[in-house]
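Participant: First, the structure itself, so that you have it in front of you.
The values are calculated or read from the model by the stated rules, or taken from the named source; none is laboratory data. All of these numbers come straight from a predicted model, not from anything done at the bench. Cβ placement follows ideal geometry from the backbone for every residue including glycine, while neighbour counts extend to all protein chains displayed. For accessibility, only protein heavy atoms count, side chains too; no ligands or nucleic acids. Shrake-Rupley method; radii C 1.70, N 1.55, O 1.52, S 1.80 Å.
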Amino acid sequence: MKKRLLSGIQPSGIIHIGNYFGAIKQFVDMQDSYDSYIFIADFHAITTIQNRDILSKNILDVAMDYLACGLDPNKACLFKQSDLPEVTELAWYFNCLTSMPYLERATAYKDAGMKAKDVNVGLFDYPILMAADILIQDADVVPVGSDQQQHVEYARDTAIKFNNAFGETFKLPESLIIKEVAIVPGIDGRKMSKSYGNTIPLFGTDEEIRKAVMGIVTDSKAPSDIKDPNECNIFSIHKLFLTGNALESLKKRYTDGGLGYKESKDMLYEEIISFIKPMREKREYYQNNIDEVKKILRDGGAKAKLNIKNKMELIRNKVGVNL
Ligand code: ADP
Ligand code: TRP
């Protein structure tokens, strides 16, 4: 029996290379060895997007991104969260076992300085809905970037709380974080994130990608100067696209001196463009066959729903609402 894997991405903006290396690539690499459930967290996205057209467009964009990056609907179940409204029911049961101070300790909440802002309840409660996504499917592993690790811990805690209150119901999921790409740096050296505006879009136009690459922040060393590759934001992105000899010889050019940042950026641009070429072609195919994309999501949703039917009944029995 394969272990069950579950993960998702919010359709809250344009996918960047941090999302690809930190999340989607891992889903693709693991789809053969795990019983995979990969979804689009559209309920989560409503915490920040309250516009029908934008949300609907973003949902389809993420579905096409998934497919273009190599997720195969014959191997992984691809679905959207809102096709399982049961997760919001489960999140409610969890809410009733969760204290406010516990949620206030969530780093995502603290980092966003949300206490000071007029934060909506959905955003505050985000980790609990995520726990419901994970626990309802009996997931064994949850591959995510390291920024999401705490949320998987919250899911484990929540499983324990429910099991203690109502009897053994949920298994404890593990997060799965790939070390080398744990955090993809953005063009300013901070974590690449759409909230920092420091991204390189995965499916941007040539021009958008060039602009982002040329905007990578460097120090003011001259081309002839010797440079430490480990201190260079361009090099840390090269590392995602180059391996073996190619990476070693680039490293040597840094430490020998004579490689200017402009040249390094030009090389990186070429690496990115040739890397995404086949994915772009696939994405164009789906863009022209959008009904196929919708059907993949519908079929995936039906499968995911069937999966949780018995579990949901069990939960309602345990809670006491089934008479
Ligand atoms: P963003 O920070 O741009 O809003 P999300 O929070 O929507 O990205 O992240 C979606 C997925 O991509 C998550 O699994 C997250 O951990 C991963 N991810 C996002 N940014 C990075 C990054 N810079 N490095 C590695 N993984 C990332
Ligand atoms: N919180 C995740 C993110 O922003 C998205 C998400 C929602 C998720 N539910 C999940 C990820 C369940 C893994 C498992 O990226």
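Participant: Quick one: is residue 23 among the small types (Gly, Ala, Ser) and modelled with pLDDT under 95?
Facilitator: So residue 23 passes the test.
Participant: On to the next question. Can you spot a residue in segment 110-119 that is assigned to a helix (DSSP H, G or I), away from ligand 2 (no atom under 12 Å from the Cβ), modelled with pLDDT under 95 and not charged (D, E, K, R)?
Facilitator: Checking segment 110-119: at least one residue is assigned to a helix (DSSP H, G or I), away from ligand 2 (no atom under 12 Å from the Cβ), modelled with pLDDT under 95 and not charged (D, E, K, R).
Participant: Hey, can you tell me all the residues within segment 183-209 that are open to solvent by 40 Å² or more (accessible area, probe 1.4 Å) and within 16 Å of ligand 2 (Cβ to nearest atom)?
Facilitator: Residues satisfying the conditions are 183, 191, 194, 195, 196.
Participant: Being over 27 Å from the mean Cα position of the chain (by Cα) and exposed (fewer than 12 other Cβ atoms within 10 Å of the Cβ) is true for just one of 225, 266, 219. Which residue is that?
Facilitator: The match here is 219.
Participant: While we're on this one: If residue 180 passes every condition in (1) more than 16 Å from ligand 2 (Cβ to nearest atom); (2) outside the structural domain of residue 146 (by TED's automatic domain parsing); (3) out of contact with any strand residue (DSSP E or B) (no Cβ under 6 Å at 6 or more places or on another chain); (4) open to solvent by 70 Å² or more (accessible area, probe 1.4 Å) but one, which one does it miss?
Facilitator: (2)
Participant: I've got another one for you. Would you please list the contacts, defined by Cβ atoms under 6 Å and residues six or more apart or on different chains, that run from a residue in segment 176-193 that is within 23 Å of residue 152 (Cβ to Cβ) to a residue that is among the charged types (D, E, K, R)?
Facilitator: As it stands, the answer is 183/191, since those pairs meet every condition given.
Participant: Also, quick follow-up: For residues that are near ligand 2 (Cβ under 10 Å from one of its atoms) and within 10 Å of the chain's Cα centre (by Cα), scanning just segment 12-26, find the one that is most open to solvent (accessible area, probe 1.4 Å).
Facilitator: 19
Participant: Before we move on, is residue 189 at positive phi and within 14 Å of ligand 1 (Cβ to nearest atom)?
Facilitator: Working: at positive phi: yes; within 14 Å of ligand 1 (Cβ to nearest atom): yes.
Considered against the rule, which asks whether it is at positive phi and within 14 Å of ligand 1 (Cβ to nearest atom), residue 189 comes out as yes.
Participant: Moving to a separate point now. Which ones in segment 235-263 are in contact with a Phe, Trp or Tyr (Cβ under 7 Å, 6 or more places away or on another chain) and either of a type in the set (A, V, I, L, M, F, W, C) or exposed (fewer than 12 other Cβ atoms within 10 Å of the Cβ) (or both)?
Facilitator: Hits for segment 235-263 are 235, 240, 241.
Participant: Right, something else. Counting just the residues of segment 131-150 that are farther than 17 Å from residue 40 by Cβ and open to solvent by less than 40 Å² (accessible area, probe 1.4 Å), which one comes out modelled with the lowest pLDDT?
Facilitator: 146
Participant: Out of 51, 58, I need the residue that is polar (S, T, N, Q), open to solvent by 10 Å² or more (accessible area, probe 1.4 Å) and over 21 Å from residue 87 (Cβ atoms). Which one?
Facilitator: Unique residue meeting the criteria: 51.
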